[in-house]
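Quick note: the coordinates plus some simple rules give every number you see, no bench work behind them. Nothing here was measured: the structure is a model prediction, and the numbers come from that model. Cβ coordinates were reconstructed from backbone atoms using ideal geometry, including for glycine residues, and neighbour counts include every protein chain displayed.
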Amino acid sequence: MKGSKEMIHTAVSPYRIHHVAINVEDLHRSIEFYEQIIGLSVTGSADHSAKLSIGDAELTLFQLPSDVETCDKPDGEHASSLNHIAFEIHPSMFETYHKRLVDHDIKITFGPIKRRHGHALYFLDPDGNKIELFYNNLSRNGA
């Protein structure tokens, strides 16, 4: 990583983990586990996903359709993996973070993208874990 010794922490760092998303094989089995064993509560669901509350953050479960292959891409990211950790940042910091990633030669795997209420971008950490940086103008913690 170019400039890896440079201190990149700022006074306006991501202020919370918004959500962690993971792939599951059986959505209903996973919901039951996280509700009954861990004690989380379902706050929303769709055909192939569910959101569970954990304090001020969310755990999002995704069940991929059985016909989706999860082969590795050359850059180490699973083509169909929805596994990631999402950091919420202040809207005024989005371009700063985007520039920081580019300046440090960190490949952005998706985005920046405009969403209905904000922007997001995805990249991999040095170990291949997918990270999302985003802001949402309708955030619970208001940015």
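Electrostatic tally near Val42: other residues with Cβ closer than 12 Å to its Cβ, Lys and Arg +1, Asp and Glu -1, net -2.
The count of lysine pairs in the stretch 16-136 whose Cα atoms are under 23 Å apart, excluding pairs fewer than 8 places apart on the same chain, comes to 9.
Taking amide H as placed 1.01 Å from N in the peptide plane, Thr109 has its amide H under 5 Å from the amide H of Tyr122, Phe123, Leu124, each at least 5 places away in sequence or on another chain. The rule of thumb for compact globular proteins, 2.2 N^0.38 Å, goes into the C-alpha radius of gyration of the stretch 16-136 1.13 times. Once backbone amide H atoms are built at 1.01 Å from N, Arg16 has Glu88 as its partners under 5 Å, excluding neighbours fewer than 5 places away on the same chain. For Leu82, the residues 5 or more places off, or on other chains, whose built amide H falls under 5 Å of its own are Asn23.
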